Amino acid sequence: MLARENSLRLVGHVRSRHTRAREPTYGFARPDRGYHDRVEHQQVEVQRPHVLREYVLLADGERGAIIGPDGELDWLCVPAWDSTPVFSGLLGGAGGFRVSPADHWSVWSGDYEPGSLIWHTQWVTGDTILRCRDALAVPADPHTAVLLRKVSTGDRPAEVMITLTAPDSSAPAPSRVDGGWVAEWAGRHLRLTCPSGSIVGNGLRLVTAIPSNATLDLVLEVSTRPFETRLPDVESLWRSTRRSWRDWTPDTDDTIAPRDVRQAYAVLRGLTSGAGGMVAAATTALPERARAGANYDYRYAWIRDQCWVGQAVAAHRDDPLLHTAVGFVTERLLADGPKLAPVYTVTGAEVPEERALGLPGYPGGSDRIGNRATDQFQLDAFGETLLLFASAARYGPLEHDTWQAATVAVDAIRQRFAEPDAGVWELGRARWTHSRLACVAGLRGIAAIAPRPRAREWTTLAEHVLRDTTRWGVHPRGHWQRAADDERVDAALLQGAIRGAVAVDDARTVATLAEVHARLTEDGYVYRFRPRDRPLGDAEGAFLVCGFLVALAEDQQGHRAEALRWFERNRAACGPPGLFTEEYDVARRQLRGNLPQAFVHGLLIEAAAKFAGPTGV
């Protein structure tokens, strides 16, 4: 049988993603049994990037891998989330590990095993079906990422193409070891367990025929340490990975969207490290709007984001994600006090300054890593920590250290609530209304469970902050406004009532929800705020977390049918893998920003849990 043309990346150096070049690829005459491989030469085209809705996340808590629909490993940082990438195709870098049909005439589909980040891809070709099961092995090794890929056929044989390409032209070619190949690229040790293949330049490519009803196991290990002689036990790794996911994700039949909620738990568990920090997203520099400079590194743990997720999970159940968040936030408050940073690495270290990687960047974006938000003062984070602690207290008494941390947060609010801060959206310093309402809500929440002397003191402080904020934070039309010098409404202001800073039937609550509807909504989606000189959707996409906030606010007002309409609209704003980004381009129905955005998955859990109970709560 003639070998069909295949679309592949070039080996060893960066080219334009539309460059055509002569490179050796592999074809194969299908056998009746056994695995075989051989080399042929033909013209290939460099693989283009995909729209974000088509990418899949694999994660083990310590790092994440992004897989494209063509079976390409397009992003992997080792050993940690914020390490320099080993594979960076998502940002235009060379190098990757691809497993796909040898027949390019194919279409893909896929889904996660329920409640896990084990992904199943199915490619339907012209004459057969090829399947691939992918996962990062868990429990995770802090030094080594282990990518498992199990390829299988149905009732007909199929050819699979396997490529392992170096990230730069100076990288040495892999060398053969028993059962696989080893290499040292980008300062990391790699080992690929696979059938025999052929070296092309400084990469590896082969086509292998798999008989009908057979499987082929591939294991890629990427480590900071040299490997031992012994190869991994593949079936043992698969068993421990599946067992771990079964243990980590809870039953969600008590919510209105059991499948999506369980998957959201898996995403959040995958983004949470053993050190306690949860990354805001697995990627960096994916643009919120093309060529606008709005592309940032989200591979760090934001205090606010982790508090939002902890509170959301607490609305459903007593889950380890809640207690992990409490532990991480407690440690940071005790260490840094009123100088609490907005963002840390997942181990609690300082976030590095921004720098470029020297890559083309995702189309419309750049290649930056690091984040300058670490230097900001974000007042609302102190209120969110108190809300997190109060949420955890519903499931049992807080530990002594957590009470100490709560006291630190209260003192920080007392000292700093009048200072301008960067606010929830990390903009310029101002007296942001949302920041003060978050502090009021946090003070009320922690006072409700505190011993009497502290309860009175903290409630009094909450009233004082609220009175001060009301003086300048209420618009003449009666709704909360963004800041002392900004009369616009902001969707984040809905949290004032949702979190308990003000009453549900307070006139300011009702007026703010009405103003958000009038000014910030389009086709069932919600924007953060209206730009001063541009229409909605021009400056940025709709914010999915704001859509879930509107759903929660409507339900709090007793409007269950409206709440469900907003909930269903926004939970559909994802791609086939069910992953949410921060923003959604309403007109083009595309995801925008880093993938996946943790707090969007958290608010989905909260809304789905609350909507299964009585309305108006």
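Beta carbons within 10 angstrom, averaged per residue: use that to sort the peptides 65-73, 236-244, 530-538, highest first.
Ranked from most to least packed, the peptides come out as 65-73, 236-244, 530-538.
For residue 109 and residue 418, compute 0.36 nm times the residue count separating them, minus their Cα-Cα distance, and round to one decimal in nm.
Difference between extended and current length: 106.0 nm.
Using only C-alpha atoms and all pairs of different ones, pull out the Kirkwood radius for segment 118-243 in Å with one decimal.
Here the Kirkwood hydrodynamic radius works out to 15.5 Å.
At 4 °C and 1.567 mPa s, grab the translational diffusion coefficient of the chain from Stokes-Einstein with a Kirkwood Rh over Cα pairs, rounded to a whole number in µm² per second.
After rounding, the answer is 51 µm²/s.
Which whole-percent values make up P(r) of segment 427-512 when all C-alpha to C-alpha distances are grouped in 5 Å steps starting at zero?
3, 16, 26, 25, 15, 9, 5, 1
With N set to the number of residues, divide the alpha-carbon radius of gyration of segment 200-299 by 2.2 N^0.38 Å and report two decimals.
After normalising by residue count via 2.2 N^0.38 Å, the value is 1.55.
Quick one: if you take sqrt(5λ) for each eigenvalue of the C-alpha gyration tensor of segment 348-392, what semi-axes come out, biggest first, whole angstrom?
They are 32, 13, 10 Å, listed from largest to smallest.
With a probe of 1.4 Å, find how much accessible area segment 204-306 has per residue, and write the answer as a whole number in Å².
Solvent-accessible surface per residue comes out at 37 Å².
Please report, in whole Å, how far the alpha carbons of segment 574-617 spread along each principal axis, starting with the longest.
Taking max minus min along each principal axis of the Cα atoms, segment 574-617 gives 35, 21, 16 Å.
When the expected Rg is taken as 2.2 N^0.38 Å, what fraction or multiple of it is the alpha-carbon Rg of segment 315-404?
1.36
Hull surface divided by four, with the convex hull built on the Cα atoms of segment 184-246: how many nm²?
6.3
Please compute the length gained on full extension between residue 454 and residue 534, using 0.36 nm multiplied by the number of residues separating them and subtracting their Cα-Cα distance.
Taking residue 454 through residue 534 to full extension adds about 24.1 nm, to one decimal.
Nearest 0.05, what FRET efficiency do residue 234 and residue 522 give at R0 = 45 Å with Cβ-Cβ as r?
0.35
Under the √(5λ) rule applied to the eigenvalues of the Cα gyration tensor, what semi-axes describe the equivalent ellipsoid of segment 375-482? Give them in Å, descending.
25, 15, 12
Arranged from highest to lowest average of other beta-carbon atoms within 10 Å per residue, in what order do the peptides 549-558, 108-117, 305-314, 169-178 appear?
The peptides rank, most packed first, as 305-314, 549-558, 108-117, 169-178.
Give the peptides 565-572, 432-439 in descending order of average Cβ contacts within 10 Å, highest first.
By packing density, highest mean first, the sequence is 432-439, 565-572.
Probe radius 1.4 Å, ligands and nucleic acids ignored: give me the carbon and sulfur share of the accessible area of the chain as a rounded percent.
The nonpolar share, carbon plus sulfur, comes to 49 percent.
Set the Förster radius R0 to 25 Å, insert the Cβ-Cβ distance between residue 464 and residue 484 as r into 1/(1 + (r/R0)^6), and round the FRET efficiency to 0.05.
0.90
Residues of segment 73-99 with backbone nitrogen within less than 20 Å of a virtual label 7 Å along the Cα-to-Cβ line of residue 173, please, listed as ranges.
In segment 73-99, the label zone of residue 173 (backbone N under 20 Å from the point 7 Å along Cα→Cβ) covers 95-98.
If you find the alpha carbon centre of segment 379-429 and of segment 514-586, how far apart are they in angstrom?
Centre-to-centre distance over Cα atoms comes out at 27 Å.
Under a plain spin-label model, where a point goes 7 Å from the Cα along Cα-to-Cβ, how far apart in nm are residue 504 and residue 143?
It works out to 5.5 nm between the two label points.
Taking only C-alpha pairs under 8 Å that are 6+ residues apart, what is the relative contact order of segment 469-540 in percent?
27
Can you give the Kirkwood hydrodynamic radius of segment 220-376 from its Cα pairs, in Å with one decimal?
Kirkwood hydrodynamic radius for segment 220-376: 18.0 Å.
The values are calculated or read from the model by the stated rules, or taken from the named source; none is laboratory data. No experiment lies behind these values; they were computed from the predicted model shown. Glycine gets a Cβ as well: all are built from the backbone with ideal geometry, and neighbour counts include every protein chain shown. Surface accessibility is based on the protein's heavy atoms, side chains included, excluding ligands, DNA and RNA. Shrake-Rupley method; radii C 1.70, N 1.55, O 1.52, S 1.80 Å.
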